Each structure stands twice: as structure tokens, then as C-alpha cells.
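The values are calculated or read from the model by the stated rules, or taken from the named source; none is laboratory data. As the structure is a computational prediction, the values presented were derived from the model and not from experiment. Note: ideal-geometry Cβ built from the backbone for every residue, glycine included; neighbour counts use all protein chains shown. Areas reflect the complete protein model, heavy atoms only, side chains present, ligands, DNA and RNA absent. Shrake-Rupley method; radii C 1.70, N 1.55, O 1.52, S 1.80 Å.
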Amino acid sequence: MQNFEFYNPVKIVFGKGQIQQIETLVPQRKKSMLLYGGGSIKNNGVYEQVMSALGEREVIEFGGITPNPQYDKLMEAVEIARKEGVEFLLAVGGGSVIDATKFIAAAINFDGDPWEMLSEHKRTPKVLPFGAVLTLPATGSEMNCFSVVSRGVDKLGFGGDPRLFAQFSILDPSVTYTLSERQLGNGVVDAFVHTIEQYLTYPANTPLQDRFAEGILQTLIEEGPKVIHVKDHYESRANIMWSATMALNGVIGAGAVHDWSTHMIGHELTALYGIDHARTLAVVLPSLLRVQKDVKKDKLLQFARRVWNVQATDADKAIEEGILLTEDFFNSLGVPTRLGVYKVKEEDIETIVQSLRKHIPANLGENKDIDDEKVQKILKLAL
Ligand code: NZQ
Ligand code: ZN
């Protein structure tokens, strides 16, 4: 096991009707800003629940945050928050709104261009406190200190800063009933790949983390189809919501060897072609596992046997079966596993590789062996 520090101060308030706890969680006498996306919260009753719990507090609203939140839009919120002397932020939405809120919380007191927090890893002197009401189980942003923001074709992450944890996150599974099948499928796949990227590397004597990860993967496999095919099924919504949070809150990754190359390649596909985050992962992961089969062999076999219960005695056959079952699972959730579906062609691969190198000059992967040539190979295999 690798050395690690584990710290996670986010108070999770989980369950039906829990949005009303905002009443005690949001400070009474601080001027707050309520941040949300394109309006789903105004159509499904979440906005009313939040406003009613906020009561007489002084609150400024800022809506219109898009999926893959854009820097220019977030800077509008930063300007308003500075001018109005906002002291607390409340994110109500999916990963994009929560990530946006983290950026705004950090940018308000940043001297200079806050984009440098992402492009040059500069630190802000102060982060505003914030809380979240999660409406889409997927990213884990509600319980981690990472954020991903886009500026044109640059989609970059920042974080790892303990000041970027929410003070609290409210997780009410019943607010997910209004999610489209597309977003539900995306959420299950994103959580699945978060787990894989912290598990499917090489053995490092982490039996407990491995079994946590396998438990999350099996829960996603069992419960994922139910959220899509059984209408308003509270129990499966609750299990998927908690699994997605647990997949990226630091627990399963502590002391484990990580990869994250599927995410890094995926961010380029979102930035260049507008493909939903999780959909990029579903396309990249199977090909990446095939290209990296030799270096990931032991864990791939463990994954096939323990997660998918593959019986084949021949290791290569068992590994391929595990990858095929993973692809079938993504497809069964309505999430395609081929780049061609998005009209990305072989001649586009060089552009993707160049863009990736601009953002991340070093090789990717747990062994730092995924170079340009391998990225090309992975993308070609995914066409
Ligand atoms: O904007 P509104 O109107 O709210 O609609 C949203 C949006 O169109 C809709 N939605 C959310 N909750 C809903 C709902 N519609 C109906 N009912 C509800 N209850 O869903 C759409 C997608 O929302 P978004 O927040 O963009 O999705 P997601 O949660 O998948 O977040 C994706 C973003 O998170 C980043 C991604 O890169 C992407 O930018 N990630 C953040 C991570 C982190 N902070 O740790 C890790 C992830 O790997 C990921 O990179
Ligand atoms: Zn992700």
C-alpha cells in the first residue's frame, strides 16, 4: 500500500425530504448566492424546496451555468459576488454547478486572472464557504475537492485543496426522478469509470480498497439498469446516488495506484467535440484496457473474475470477456462505446493527441507509459 493522507470534512445529509435541512445548514446572517444550471430545478420542485428552506435570508440568484461550465460565465458570477459582498455560496445541481461553485468560491479572492488556478496551478488566498444540493449522481463533486472548468477548447481540472470541500452536501435521491435516461446512464458510467481508474492498475497490496471498489462496481451493475428501466424507484436511486459519491470521495483511492488516463483523453473529446463527459469515458475505457492489457493483466483478471464472475480458465480469454461485459453494460444503459457514433474520424485523431499534449505534456497511465503513439492506438481502436 502507498503512503497516504485521508481527510474529508463534508457533512452528507442523505434522504427524502432532506433539502429542508438547509434551514440550519446555511448561515443565517451571511449574504448568500444560489447557483444553478439551465433551469431543471425550476421545473421539478427543487428550487421551491430550497427557497422555502432559505426563508428570509438575503440571497442573490445566479442561473444559467451550462454542463461543462464555462469560465466566461463563471466570471460573471464572480463579478456579481464581489460587488455584492457575497459570503456564502449554495450550489443546486449536478457536477457542473458544483464544480462551477468551487471555481467561483476560489476566484472571488484571487488577485489576477483566476484561470491561472487551472493553467498554472496558482493558489487563491481564500476560498468562500459553500454547500451543495446534488441533483445528479455521477461526478462525486459533492464530496471531493476537485473541479473541472472549460475555457473554449481548454477543459482543465484543479483542486486537491482541502478548502474546496463543500461544508455540506444534501443528497435526496427523489430529486433524480426528473433526470433523462441519457443523464442517468451517464451518471452510472461516470461512477463506474471513477472506480475503475483507482482500481484497475497493478496490484499494490490494497485488498480492502479493492473490495470496496468491487462492491461499488457490482452495485452499479445491479442497480444501474433499475434507475433507467423502473420508474421512480427510490431504493435504486438511493443506491446509485451513494455509490457515485463513494466512488470519488477519496475512500477507495487512499493508498491505491491510480490511472486517470481515460479521463484525461475524455476531457479532450468533450472540449473538441462537445461529447458528454461520461460518454467520452465509455468510448475510451474499453480500448484503453485492451491496449494496456499486458501492464494491467493481474488486475484485469481480478476484475473479470470478481466483478463479472468470468469462469474462463485461459487468462487472455477471461480478460477479453470482462472487457466485453463492461462494453455490453455501458451499451445496455444507452451509453455508446464507439467514437464513430459521434462522427469522430481517423483523421481527427492527430488533433486530439496534439490538444492532449498541450494540456498534459507528460505521458499518462499508472506507469507513465501512455505516450502519443499509444493514445493514437487507443483512439483508433475506439472508432
Ligand atoms: O442545467 P440543468 O438545467 O440543471 O440541467 C442539467 C444538465 O443539463 C441536468 N440535470 C441535473 N440534475 C437534474 C437535471 N435534469 C433533470 N432533473 C435533475 N434532477 O443534467 C444535465 C447535466 O448536468 P451536469 O451537471 O453537467 O452533469 P454531471 O453531473 O455529469 O457533471 C459533469 C461535469 O462534471 C465534471 C465533468 O467534466 C463535467 O464538466 N466532472 C467533475 C468531477 C469532479 N468534480 O470531481 C469528476 C468527473 O470526472 C468530471 O470530470
Ligand atoms: Zn468522471
### Task
Return one number: the angle in degrees, 0 to 90 and rounded to the nearest 10, between the long axis of the Cα atoms of helix 234-247 and the longest principal axis of the Cα atoms of the chain.
80 degrees
### Chain lengthening between ASN109 and ARG357 when straightened (0.36 nm per residue, less Cα-Cα)
86.2 nm
### When each of LYS11/LYS296; LYS155/LYS345; LYS155/LYS343; LYS102/LYS296; LYS11/LYS126; LYS16/LYS226 is checked by Cα-Cα distance, pairs over 25 Å
LYS11/LYS296; LYS102/LYS296
### Calculated FRET value between ASP314 and ALA204, using beta carbons and R₀ = 35 Å, to 0.05
0.85
### Query
Given Cα pairs under 8 Å that are at least 6 residues apart, what percent is the relative contact order of the chain?
16 percent
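Could you compute the net charge surrounding PRO225? Neighbours are other residues with a C-beta less than 12 Å from the C-beta of PRO225; K and R count +1, D and E count -1.
In short, -3.
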### Task
Compare the Cα positions of PHE303, VAL284, PHE329 along the charge dipole of the stretch 271-335 (+1 at Cβ of Lys, Arg; -1 at Cβ of Asp, Glu; about the Cα centre) and return the one farthest towards the positive end.
PHE303
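Can you send over the carbon and sulfur percentage of the accessible area for the stretch 203-332, probe radius 1.4 Å, protein chains only?
54 percent
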### Spin-label pair LYS73/ARG151, simplified geometry with 7 Å Cα→Cβ offset, distance in nm
1.7 nm
### Message
Antiparallel versus total DSSP beta bridges in the stretch 11-174: what percent is that, nearest 5?
### Response
20 percent
### Task
Round to a whole angstrom and tell me the spacing of the C-alpha centers of the stretch 59-96 and the stretch 213-233.
32 Å
### Task
Run the dipole for the chain about the Cα centre, Lys and Arg Cβ at +1, Asp and Glu Cβ at -1, nothing else charged, and hand back the magnitude in debye, nearest 20.
340 debye
#### Entry: Estimated 222 nm signal from helices in the chain, with DSSP H stretches of n ≥ 4 weighted -39500 (n - 2.57), rounded to 500
-14000 deg cm²/dmol
### Task
Give, in nm to one decimal, the length gained when the segment between ASP298 and LYS226 is fully stretched (0.36 nm per residue of separation minus the Cα-Cα distance).
22.8 nm
### Task
Evaluate the charge dipole of the stretch 180-382 about its Cα centre and quote only its size in Debye, nearest 20, assuming +1 on the Cβ of each Lys and Arg and -1 on the Cβ of each Asp and Glu.
100 debye
## Note on the structure
Rounded to the nearest 10 degrees, the helix 261-273 long axis (Cα) sits at an angle to the longest Cα principal axis of the chain of 60 degrees
### Message
What figure, in Å² to the nearest 10, do you get for the accessible area of LYS345 with a 1.4 Å probe and non-protein molecules left out?
### Response
100 Å²
